[in-house]
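The values are calculated or read from the model by the stated rules, or taken from the named source; none is laboratory data. This is a predicted model, so every value here is computed, not measured. Cβ atoms come from the backbone with ideal geometry, glycine included; neighbour counts cover every protein chain shown.
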Amino acid sequence: AFRNKLTFFAAAKSSSSFPPPELPEIAFAGRSNVGKSSLLNALTRQWGIVRTSDKPGLTQTINFFNLGSKLCLVDLPGYGFAYAKEEVKDAWEELVKEYVSTRVGLKRVCLLIDTKWGMKPRDHELINLMERSQTKYQIVLTKTDMIFPIDVARHAMQIEESLKANKSVVQPLMMVSSKSGAGIRSLRTVLSKIARL
Ligand code: GTP
Ligand code: MG
């Protein structure tokens, strides 16, 4: 499934420019710099198609990538990027919220959380929205190479516990490092099943 060729399909700055939903979609959401674009690269093992950057806020449009003719992977712009102008920031958030709550064919949102920082108010906001719109989502802890495994496990337990009463969350939470490759195969397996690939 994830061996299929990854090609850029479309970029959208507003909901009117979303491409027609032709394939099942899996979207990657989370704060700026959490590692969304890097995870797409690691999952597909196709570097250079999805751009990454150490400057937060690189991805400013919703970018749609087709994986062969099976699946569409969607790189969402990050939220909580402190350097962006206030009105630009709000526009991104509205765009992400609209996509996540209304998109036809959206099978799963991977909500990425930086292991080191944990969940922030903006993450909870998005979670509440997905609960209201009954959008299936799962938590993916990123950059697990940055802290001790025991701390990763502690953070994971805390987050799972805090989401226990939620209805649209898909457990268990996954833990990955795009840098070391840890957890990438497991996530690939989970995501492949969604689209019955
Ligand atoms: P925006 O597009 O700004 O929302 O950011 P993003 O979430 O797409 O983050 P991106 O993938 O561009 O990565 C941000 C920074 O984190 C880059 O410098 C990456 O090299 C780094 N990074 C991503 N994944 C990992 C990881 O697993 N481990 C470590 N140590 N660094 C990572
Ligand atoms: Mg990005």
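Structure values in brief
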| quantity | calculated |
| --- | --- |
| Some residue of the range 149-167 being within 19 Å of SER37 (Cβ to Cβ) and modelled with pLDDT of 95 or more | no |
| When residues of the range 155-185 are limited to those that are assigned to a loop (DSSP other than H, G, I, E, B) and basic (Lys, Arg), the one nearest to GLU25 (Cα to Cα) | LYS167 |
| Of the criteria (1) of a type in the set (D, E, K, R); (2) assigned to a helix (DSSP H, G or I); (3) under 19 Å from ARG31 (Cα atoms), which one ARG188 fails | (3) |
| Every residue from the range 25-53 that is within 12 Å of ligand 1 (Cβ to nearest atom), in a loop (DSSP other than H, G, I, E, B), of a type outside the set (Gly, Ala, Ser) and at negative phi | VAL34, TRP47, VAL50, ARG51, THR52 |
| Test: residue in the range 137-154 that is touching a Lys or Arg at 6+ places or on another chain (Cβ under 6 Å) and part of a loop (DSSP other than H, G, I, E, B) | yes |
| Pair list, Cβ under 6 Å, 6 or more apart: the range 23-37 residue under 16 Å from ARG188 (Cβ atoms), other residue within 12 Å of ligand 1 (Cβ to nearest atom) and among the aromatic types (Phe, Trp, Tyr) | LYS36/PHE28 |
